[in-house]
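The values are calculated or read from the model by the stated rules, or taken from the named source; none is laboratory data. A quick note: this is a predicted structure, and the numbers were derived from the prediction, not measured. Just the protein is used for accessible areas: all its heavy atoms, side chains included, with ligands, DNA and RNA removed. Shrake-Rupley method; radii C 1.70, N 1.55, O 1.52, S 1.80 Å.
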Amino acid sequence: MIDIQNFNFGARDAVLEILRTPKDAVLAIIAGVEGPSYRPVGATMAIFSETRRAGSLSSGCIESDISLHAMDALKTNATRLLRYGVGSPFMDIQLPCGGGLDILLLPRPDRGALDALAKNRAARVPSTLVIDSETGAMRVTEEGETSWDGRILRVRFEPEIRFLVFGKGPESSNFAALTHSVAFPTVLFSPDPETLDPIRQIGCETRELLGQSFPDNLEVDGRTAIVLFFHDHDWEPPLLARALDTPAFYIGAQGSQRARDARHLHMEALGVSREAISRLHGPVGSIPSARDARTLAVSVLAEILAEAMQAQG
């Protein structure tokens, strides 16, 4: 039984929090990284007061100091570039991981530009936020990688990894609950109401499967992972055959090596090429022979995230 009180711990999105809050705010962006860093260039945090913020830019060692500088930036209504770690004037603030971080503070950021960015992200459209680091002016474009060009900072926003989970029983529900709890977009598909109900209660999107076929009008992009958790493996071949026609970066199914081999033979009988079948992951998970639903969920998520990082280079 899933304890729904223990889910939905995902970090609040800085851009959305600014748009949801009518009071003045400062958008803080990691504008440069030297050496190891907890967060990448382009990571964002919203600051509303010295004690209220959304998101994070480190493991917690600089957020309070950033908030103090952000309040000063609000008073002067001027952008500010801070340096922490190597080369920083703040000698009393150390970065445990070493290296250096440049943080750009943007007081009262353009809500129109942030709204356009938020809409593109909701529609899973890659976008670039172009920022004048001196004036704070910003706009959203379709092209451009994260980079500096003179005083112009470009921050690329790719769609978040999305999980389409198909299955029946605790394996599928635990995996969907896990990915939803850390704020990954997730949809659980199942023919079983008992599998869907607890996941629906925690706010995760669910859809009922009415048959052994891939849902029509389901848009899948290259930042999507498709995972199947069925003990009745007859459900898998028709779903996977359609999934393999999509650009999903990860497609996998639960089961032993014997189940995998039988699955592959069944798909060949459906006319799926061996080249396409080679894209399938299975047995899924980075922990061999996981014996319970929770361990399997963590194991599969770790494997998928590792695949996503490798794909990004």
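Some observations on this one:
- The phi-based Karplus calculation (6.51 cos²θ - 1.76 cosθ + 1.60; θ = phi - 60°) puts the 3J(HN,Hα) values of the stretch 105-119 at 9, 10, x, 6, x, 4, 5, x, 5, 5, 5, 4, 5, 5, 5 Hz, whole numbers, x for Gly and Pro.
- Using a probe of 1.4 angstrom and keeping all protein chains present, the accessible surface of the stretch 126-188 works out to 40 square angstrom per residue.
- For the stretch 72-189, the Cα-based Rg and Dmax, in that order, read 19.2, 57 Å.
- If you model the chain as an ellipsoid using its alpha carbon gyration tensor, with each semi-axis the square root of five times an eigenvalue, the axes come out at 42, 20, 19 Å, biggest first.
- Heavy atoms of Thr295 accessible to a 1.4 Å probe, total area in Å² rounded to 10: 50
- Using θ = phi - 60° in the Karplus curve 6.51 cos²θ - 1.76 cosθ + 1.60, the 3J(HN,Hα) couplings for the stretch 242-256 round to 6, 4, 5, 7, 9, x, 3, 7, 9, 9, x, 9, 5, x, 6 Hz; x is entered for Gly and Pro.
- Heavy-atom accessible area ranking, 1.4 Å probe, most first, across Lys23, Lys75: Lys75, Lys23
- For the chain, the 222 nm mean residue ellipticity estimated from helices alone, with every DSSP H stretch of n ≥ 4 adding -39500 (n - 2.57) and the total spread over all residues, rounds to -9500 deg cm²/dmol.
- Accessible area per residue was computed with a 1.4 Å probe on protein heavy atoms; Trp235 scores about 40 Å².
- Accessible area in the full protein assembly, largest first, 1.4 Å probe, for Thr51, Thr246: Thr51, Thr246
- Scalar couplings 3J(HN,Hα) for the stretch 261-268, obtained by applying the Karplus form with A = 6.51, B = -1.76, C = 1.60 to θ = phi - 60°, are 4, 5, 4, 4, 5, 5, 6, 4 Hz; x denotes Gly and Pro.
- Reachable lysines from Lys119, criterion Cα separation under 30 angstrom, eight or more residues apart if same chain: Lys23, Lys75
- Across the protein chains, with a 1.4 Å probe defining accessible surface, the residues Lys168, Lys119 rank Lys119, Lys168 from largest area downward.
- When restricted to Cα atoms, the stretch 170-298 yields an Rg and a Dmax of 14.1, 40 Å, respectively.
- Accessible-area composition of the chain, carbon plus sulfur, in percent [1.4 Å probe]: 50
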